[in-house]
Amino acid sequence: MPKLGTRKLYHIVKQEFDIAKYNTNIEIKSKLVKDAIETYNRKRPHLSNYMLTPIQIHRKKKLKRKQYKSKKLNDGTIV
């Protein structure tokens, strides 16, 4: 299973799966977090992954590189 960064995991659990609203013990919350990660990796398609799940992307042999447009700031700097 692909590893998620701590910040990203926190955001997913808090914003998308709303696990904080459940007033339960730590064992149940741990199960909810595990299920949320499983859903994120195996069931939830991602726009940045061409509407594939992270697991599907990692299994692909050949990937088309995603290109994003550069953005100009007010001072002319390109990021």
Worksheet item: In this structure, does SER30 turn out to be at pLDDT below 85 and either touching a Cys at 6+ places or on another chain (Cβ under 6 Å) or loosely packed, with under 13 Cβ neighbours inside 10 Å (or both)?
Response: no
Discussion item. Please verify whether THR24 is out of contact with any Ser or Thr (no Cβ under 8 Å at 6 or more places or on another chain), assigned to a loop (DSSP other than H, G, I, E, B) and at pLDDT 75 or above, treating the condition exactly as stated.
Written reply: yes
Discussion item. Residues that are surrounded by 14 or more Cβ atoms within 10 Å (Cβ to Cβ), under 21 Å from ILE57 (Cα atoms), at pLDDT 80 or above and touching a Phe, Trp or Tyr at 6+ places or on another chain (Cβ under 9 Å): does region 6-20 have at least one?
Written reply: no
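The values are calculated or read from the model by the stated rules, or taken from the named source; none is laboratory data. As the structure is a computational prediction, the values presented were derived from the model and not from experiment. So basically every Cβ, Gly included, is an ideal-geometry build from the backbone, and we count neighbours across all protein chains shown.
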